[in-house]
1. With the calculation restricted to Cα positions, what are the radius of gyration and Dmax of the chain in angstrom?
2. Heavy-atom accessible area of residue 138 with all protein chains present, probe 1.4 Å, nearest 10 Å²?
3. Please work out how many pairs of lysine residues in the range 68-169 are eight or more positions apart (or on different chains) and have Cα atoms closer than 17 angstrom.
4. Show that you can apply the helix-only estimate: for the chain, add -39,500 (n - 2.57) for every DSSP H stretch of four or more residues, divide by all residues, and state [θ] at 222 nm to the nearest 500.
5. How far, in nm, would the chain grow between residue 197 and residue 3 when pulled straight, counting 0.36 nm per residue and subtracting the alpha carbon separation?
6. Place a point 7 Å from Cα of residue 40 in the direction of its Cβ. Which residues in the range 67-99 have their backbone N less than 18 Å from it?
7. Would you kindly derive the ³J(HN,Hα) couplings of the range 129-144 from the backbone phi angles with the Karplus curve 6.51 cos²θ - 1.76 cosθ + 1.60 (θ = phi - 60°), listing them in order in whole Hz, with x for Gly and Pro?
8. If packing is taken as the average number of other Cβ atoms within 10 Å across a peptide's residues, how do 145-154, 167-176, 203-212, 21-30 rank, most packed first?
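The values are calculated or read from the model by the stated rules, or taken from the named source; none is laboratory data. Keep in mind the model is a prediction, meaning the values are calculated, not measured. Here the Cβ positions follow ideal geometry from the backbone for every residue, glycine too, while neighbour counts run over all protein chains shown. Side chains are part of the model used for accessible areas, which takes the heavy atoms of the whole protein and leaves out ligands, DNA and RNA. Shrake-Rupley method; radii C 1.70, N 1.55, O 1.52, S 1.80 Å.
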Amino acid sequence: MVEKSLAGKVAVVTGSNSGIGLGVAEALAAAGAKLAINSFTDRDEDHAMARDLARKHGVEVIYLAADMSKPDDCRALVTQAAEKLGGCEILVNNAGIQHVAPIPEFPTEKWDAILAINLSSAFHTTAAALPLMRGKGWGRVVNIASAHGLTASPYKSAYVAAKHGIVGLTKVTALETAGEGITCNAICPGYVLTPIVEAQIPDQMKTHKMSREDVIAKVMLARQPSGEFATVEQMGGTAVFLCSDAAAQITGTTISVDGGWTAM
Ligand code: NAD
């Protein structure tokens, strides 16, 4: 039998009923971690997704509905997961949304929602998780930032601000936990073809007056020298690596999985 490197650990992944979060959850379950997956919905299919992951990987998986735009929900997600699964040693802050518009036309409510979900939620979940990690003397915080945490693009003011913010929060979390068996790092994906990216294509077509094919090739992948989308499996593999013993001295930094985007 293959040894499962994260057997016995409990992981919470925010925004994980889709896309990168689901890919990371799947990789953590495959490595043996018990899991709480999450989104703001509470549908039968969300709970069925947890049951499927549990069956496939032979680990305990629960689905917890919590809205990452609400501070109390963020903290309750971590405490409920700990009550039901026995701790929270791995926290992956992944939930995120996007809106594309020039600054003068950017709706205030979209700015507030992006800052709340893509940045502030990670502060609240981390605040709830660190005492639990300290109690076990071991912890891993993995923040899903973005190439937009290191560089900018026009029309994405809130997203770029939130992602630069989460890179800063990553560094502070690392400094406050250094030497305690706890690390905090950010993964910075380039473009991954998930629902959040699909949803941007119509807006980008309108803004740039381009076809779908041209938006993918000339706007999105123009920044990604590999000319290929990154995959959710690659994000999962990177997260599992950051949770491994090999990564025990990697803290407060970013790992780009972006086909060379930020090398340019
Ligand atoms: P996605 O839309 O497939 O997934 C987003 C997840 O967040 C979903 O599970 C959704 O239900 C959840 N979510 C949204 N609002 C929420 C809320 N209020 N409360 C709880 N959950 C909520 O998109 P994705 O591409 O998988 O994005 C995941 C993360 O990766 C985001 O933080 C995104 O910014 C980041 N990212 C994505 C890409 C990309 O190219 N796809 C690139 C860089 C970074």
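1. My reading of the Cα-based Rg and Dmax gives 17.7, 58 Å.
2. Taking all protein chains as shown, residue 138 has close to 40 Å².
3. Value for the range 68-169: 4.
4. Taken over the chain, the calculation gives -13500 deg cm²/dmol.
5. Separation in residues times 0.36 nm, less the Cα-Cα distance, equals 66.3 nm.
6. Counting only backbone N, you get 67-78, 93-99.
7. For the range 129-144, the Karplus curve yields 7, 4, x, 5, 5, 4, x, 9, x, 7, x, 9, 10, 10, 9, 8 Hz.
8. Result, highest mean first: 21-30, 145-154, 167-176, 203-212.
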